Amino acid sequence: MRPTADLPHDPRLPGLMAIRDSGLARAIPALGLPQEGGGVELVLCGYHPGARATLDARVGQRRFAVKTFADDPAPEAALYQALGAAGLAGGSGARVPPLLAWDHDLRVLVIGWLEGPTTHELVKQGQGRRAGELAAQWVRRTASLPVKLGLPFGAAGMMHETRGWIGTLGTADLSVGAAARALADALARTEPRDDGAVGLVHGTLYARHILDVGEGPGVIDWHRFGQGPAELDAGMFLATLSRLRLLHPTHTGEALRAEQAFLEGTRDLLDERALAWHRAAALLQLTERLPTAERGDWRERAHALLGEATRLTERAGPAESIARRKRAAVRFRAPALELVLQALSTRPATREELDQIRQLLDERTQDTTS
């Protein structure tokens, strides 16, 4: 977080440079702010050098996000407009931030600010079921959206990106790279065909990108959107729960409650095998970030995530058409699992309990495929 005076000098982000040099009011006159610029507070809350930056802007009682890009933001602006036309930019129910202004030449988007805790925070606060319910509501809502914007993005696209992820991990550590390569081979053998129903997908539906806005979920950060299977977004959300559970055992119980609520809320919507595949691929993507994002022994954490992903590929089964498979109702053996979750409500899970949880999850999978 940096004050306005410390905004970085980044010529590849013309919008950021204009705001840095002239102030927000003069850089984006469409906002209708006082030209003298008084009362405008800006904080840098996200920055990827040479790619994009996000500013938290406050003017009196108003609060909004200013997103500056190196690339043309017109596709994302069109998406916000389409989602608004579909009723998702209002003040109730599932929603996205409304588009307030955008400038093609400066490559800037200004969108409304959604208030509320993220589902990641809800899990850490002991509200795992609420987190899972919100994510399920969102996936169900987008499944019926008539928005056809965005490039195709499915299993084939994920497989294409695995080469870069493996390269990053292999450069950082040979043993992690070897495990990642073995996982990618397993993903290639079980890759589902993207010839089933497709629709709008967020592309990076992390638990941190879904907010509890009171009457439903709010979803932010749409820069990777596209057209793909619902299992892609669902798999990413579940993968972030797996990461939280595996890397922070204190939250194991609530993360599993979130997963259970999500699967119950998306019953008959998601294909269980395709979901397992996309969850495994998402875990590989999340692992790729560990060498630079994690402190301490990131290698042990990487092997934990890759091990979980490898087990998921065993559930994915042989490659076949999603369209030809019957949508499986995902069920938990609720009584047995709930007993374990109750035991973990106030303490981290032991290794034996984690093994027991994994066995219950595997039994659930056998139930859905039999």
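The values are calculated or read from the model by the stated rules, or taken from the named source; none is laboratory data. Everything numeric here is computed off the predicted structure, so don't read it as measured data. Heads up, the Cβs are rebuilt from the backbone with ideal geometry, glycines too, and the neighbour counts pull from every protein chain shown. The area values use the complete protein model at the heavy-atom level, side chains included, leaving out ligands, DNA and RNA. Shrake-Rupley method; radii C 1.70, N 1.55, O 1.52, S 1.80 Å.
Given C-alpha coordinates of region 76-161, what is the ratio Rg to Rh with the Kirkwood estimate of Rh?
Rounded to two decimals, Rg over Rh is 1.02.
Quantify, in whole percent, the carbon and sulfur part of the accessible surface of region 45-141 (1.4 Å probe; protein heavy atoms only).
Ligands and nucleic acids excluded, carbon and sulfur reach 47 percent.
With θ set to phi - 60°, apply the Karplus curve 6.51 cos²θ - 1.76 cosθ + 1.60 along region 305-314 and write out the HN-Hα couplings as whole Hz, x wherever there is a Gly or Pro.
Taking θ as phi minus 60°, the curve returns 5, 5, x, 4, 5, 5, 5, 5, 5, 5 Hz for region 305-314.
Take the solvent-accessible surface of the protein heavy atoms, probe 1.4 Å, and return the percent of it on region 169-254 that carbon and sulfur atoms account for.
51 percent
Can you figure out the FRET efficiency of Ala143 with Asp21, using R₀ = 56 Å and their beta-carbon distance, to the nearest 0.05?
Result of the calculation: an efficiency of 0.80.
Which order do Lys124, Lys67, Lys148 take when ranked by solvent-accessible area (1.4 Å probe, heavy atoms of all protein chains), largest first?
Of Lys124, Lys67, Lys148, the descending order of accessible area is Lys148, Lys124, Lys67.
Give me D for region 141-199 in µm² s⁻¹, whole number, from Stokes-Einstein with Rh from the Kirkwood sum over alpha-carbon pairs, 37 °C and 0.692 mPa s.
245 µm²/s
Out of region 20-76, which GluC sites (Glu not before Pro) are coil in DSSP terms and have no more than 12 other C-beta atoms within 10 Å?
For GluC sites (Glu not before Pro) across region 20-76 that sit outside H, G, I, E and B with at most 12 neighbouring Cβ atoms in 10 Å, the list reads Glu36.
Provide the per residue accessible area, probe 1.4 Å, for region 79-152, rounded to a whole number of square angstrom.
Here the per-residue accessible area is 45 Å².
Report the relative contact order of region 1-130, percent, no decimals, based on alpha-carbon pairs under 8 angstrom and at least 6 residues apart.
In percent, rounded to a whole number, it is 20.
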